[in-house]
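Below is one structure, written out as structure tokens; the observations come after it.
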Amino acid sequence: MSDSDIQPRQTAGDHKTGTHVPAKPGHRFGFTSLQSELFARITFDEHYEYWPLLSERFRRWLEHELCLMGGVFPPFSFVKEILRQLEGMAMFLGQTRPVYLRVAGHADKL
């Protein structure tokens, strides 16, 4: 995942924080499992990993990425708002797909 995949910005309107997480056209960062659990797809080197969106592990990863982007550790309220936006994107814009918790094949590859 690049720095541009999650880019907070201030917007006009009635939102309390103004935080907005844009999605690239055709890009699907989050999705819902067949069991209705929300997942995030994260790119590492040349492969994807799928992490539960509401897990502590994902939140720590997001905090680290935001810290790298902004140079300071983000306030909890900021992280919470971004997680809320990602949750909505996964629920309402993402697809529903099966999730394999170990290793799974895809297109004759592991």
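Nothing in this text is a laboratory measurement; each read-out follows from the coordinates by a stated rule. This is a predicted model, so every value here is computed, not measured. Note: ideal-geometry Cβ built from the backbone for every residue, glycine included; neighbour counts use all protein chains shown.
Select from segment 84-106 the residues that are part of a helix (DSSP H, G or I) and touching a Ser or Thr at 6+ places or on another chain (Cβ under 9 Å) and write down the one among them that is surrounded by the most Cβ atoms within 10 Å (Cβ to Cβ).
90
Can you tell me how many residues within segment 58-77 are crowded, with 16+ Cβ neighbours inside 10 Å and more than 19 Å from residue 32 (Cβ to Cβ)?
So the count comes out to 5.
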